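Worksheet: the structure to be examined is printed underneath.
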Amino acid sequence: MKKEKPLIISDPFPRTMELIFTKSQIKYLNTKFKLINAPNKNKSNFYDNYLPQAKYIIGQPDLPTEIINKQKKLKAIFNVESNFMDNMDYDYCFKNNIHILATSPVFAQPVAEMALGLTLSIARSIHIAHYDFKKGKEKYGGEISKNNFLLKNKKFGLIGFGDLAKSLVPLLQSFSNNIMAYDPWVPDLEMNKVNVKPVSMKKVLSSSDIIYVLATITSSNEGMINKKIFKNIRDNTTFVLMSRAAIINFKDFYTFLKNRKVFAAIDVFPTEPFPKNDKFRKLKNVIFSPHRAGALDTAFKEMGNIVLSDLKLIDKGLPPRLCKKALKETVSNIRSKPVNIN
């Protein structure tokens with residue numbers, strides 16, 4: 001009797017399987033597994049029917065207790081949106097040895113490189129010089145460079161020391177060894193091992209020439225950087241927001257940028273797409289990037305690589321090694337807002 005193929009539920013929105021996997025990888029999955037595509041609507045009925053037979057889910061569907069407890073064979077859920085969200089019964093998964101995995105590591109290097117690129121553009125007015133040249137209003141020589149600076153020997157400060165920070169640190173160390181970081185979830189020893197000094201958030205803000213916000217949004221840091229916190233930042237500081245907008249009080253952020261002699265780069269926003277008529281867009285001391293730092297085809301295909309690699313390990317009865325694992329102690333505190341656009 002022919003052995004029945006293990007079932008994979010494909011529910012990757014806003015991603016697609018074609019975005020994540022190569023044609024050969026999709027062929028492999030279809031050869032070794034039975035792939036069922038979840039519908040865009042009426043998902044409850046779909047999961048009622050197919051979850052009891054599913055071994056894997058590629059996606060991040062809402063799986064509250066009354067749905068997830070219908071599973072009988074589930075081994076892993078691969079969250080390809082890449083942010084753990086408050087949309088499933090994690091305790092049930094932990095108790096039933098179901099791996100909850102996110103593909104967020106694939107974005108670390110692309111975001112780190114974009115963060116450095118935005119910093120260099122601020123430091124040398126690259127974006128301004130380009131815009132002026134296109135308009136026929138370019139300024140030659142040092143006229144546009146009066147407020148420019150070098151990254152060499154600058155004091156860099158990181159808020160958050162996860163995957164993004166760990167990819168950014170080697171890039172920054174080519175300019176300076178004076179790097180400090182604040183992250184209450186990371187032990188000092190982990191930072192010390194890569195020559196990063198663990199300090200308080202106030203120290204990061206008050207002592208850094210260039211500040212990078214790289215933290216995951218949690219129940220304890222939502223809106224944490226507000227009017228009171230911004231007062232710790234010195235004039236002529238560069239502030240680069242790359243991770244989650246919800247950590248910032250954007251009303252206070254606007255006032256800070258409008259009234260202080262500082263520079264900023266912003267890749268993430270509280271509402272996306274960002275309103276066309278928002279006053280933020282008129283600020284002249286800011287570089288705007290429409291949440292595109294990690295959006296590279298190479299990153300999406302690497303997502304497929306690590307999902308498939310970990311899936312093969314789990315299928316052999318081995319633990320996953322490449323995707324980021326949801327941790328029982330912290331996942332319930334994460335408050336990431338899902339993206340709707342790749």
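The values are calculated or read from the model by the stated rules, or taken from the named source; none is laboratory data. Since we're looking at a predicted model, the values are computed, not measured. Don't worry about glycine lacking a Cβ; one is built from the backbone with ideal geometry, like all the others, and counts go over all protein chains shown. Just the protein is used for accessible areas: all its heavy atoms, side chains included, with ligands, DNA and RNA removed. Shrake-Rupley method; radii C 1.70, N 1.55, O 1.52, S 1.80 Å.
Using bins of 20 Å that start at zero, the share of Cα-Cα pairs per bin across the chain amounts to 28, 51, 19, 1, 0, in whole %.
For residue 318 and residue 203, FRET efficiency with R0 = 45 Å and r from the beta-carbon atoms, rounded to 0.05? The calculated FRET efficiency here is 0.60. Applied to segment 148-157, the Karplus parametrisation 6.51 cos²θ - 1.76 cosθ + 1.60 on θ = phi - 60° returns per-residue 3J(HN,Hα) values of 6, 8, 8, 7, 4, 6, 6, 9, 9, x Hz, with x for Gly and Pro. Database remark: amide H of residue 98 closer than 5 angstrom to no amide H (H placed geometrically; neighbours at sequence offset of 5 or more, or on other chains; Pro and chain starts carry no H). Springs between Cα atoms under 10 Å define the GNM used for the chain, and in it the highest mean-square fluctuation of 80, 307, 186 occurs at 186.
Taking the protein heavy atoms of segment 170-223 in the context of the full set of protein chains, the accessible area attributed to carbon and sulfur is 49 percent at 1.4 Å. If you roll a 1.4 angstrom probe over the protein chains with everything in place, what fraction of the accessible area of segment 1-158 belongs to carbon and sulfur, to the nearest %? Of all accessible area on segment 1-158, carbon and sulfur atoms account for 51 percent. Taking a ≥ b ≥ c as the square roots of the eigenvalues of the Cα gyration tensor, segment 143-226 is oblate, since a/c reaches 1.5 or more and a/b is not larger than b/c.
Suppose R0 equals 22 Å; then what is the FRET efficiency for residue 120 and residue 255 from their Cβ-Cβ distance, rounded to the nearest 0.05?
Numbers: r = 27 Å, r/R0 = 1.22.
The value I calculate is 0.25.
Extension gain, residue 130-residue 276: 0.36 nm per intervening residue step, less the Cα-Cα distance, totals 50.3 nm.
With the whole protein complex present, residue 131 retains an accessible surface near 140 Å², based on a 1.4 Å probe. A simple spin-label model places pseudo-atoms 7 Å from Cα toward Cβ; at residue 40 and residue 92 they are separated by 2.7 nm. With loop membership from DSSP and a limit of 15 other Cβ atoms within 10 Å, the longest segment of the chain without GluC sites (Glu not before Pro) is 5-137.
Each 5 Å bin from 0 upward holds the following percent of the Cα-Cα pairs of segment 178-254: 3, 15, 25, 29, 18, 8, 2, 0. Cross-link pairs exceeding 19 Å in C-alpha to C-alpha distance, out of 27/73; 301/328; 27/312; 202/279, comprise 27/73; 301/328; 202/279.
Taken as Cα centroids, segment 25-104 and segment 142-183 sit 39 Å apart, rounded to the nearest whole angstrom.
Once you have the Cα-Cα distance between residue 234 and residue 24, take 0.36 nm times their residue separation minus that, and quote the gain in nm to one decimal. Working shown, then result.
Numbers: separation 210, 0.36 × 210 = 75.60 nm, distance 5.28 nm.
Extra length from residue 234 to residue 24 when fully extended: 70.3 nm.
Karplus-derived 3J(HN,Hα) values for segment 30-42, using 6.51 cos²θ - 1.76 cosθ + 1.60 with θ = phi - 60°, are 5, 6, 8, 9, 9, 9, 10, 8, 6, x, 6, 10, 6 Hz; glycine and proline are entered as x. Our coupling estimate for segment 116-124, obtained by passing each phi through the Karplus curve with A = 6.51, B = -1.76, C = 1.60 and θ = phi - 60°, is 5, x, 5, 5, 5, 5, 5, 4, 10 Hz, Gly and Pro reported as x.
For residue 88, the accessible surface of its heavy atoms amounts to roughly 20 Å² (probe 1.4 Å, protein chains only, rounded to the nearest 10).
Between residue 222 and residue 309, the modelled label-to-label distance comes to 3.4 nm, taking each label 7 Å out from Cα in the direction of the beta carbon.
Fully extending the segment from residue 70 to residue 284 would add 71.6 nm, taking 0.36 nm per residue of separation and subtracting the current Cα-Cα distance.
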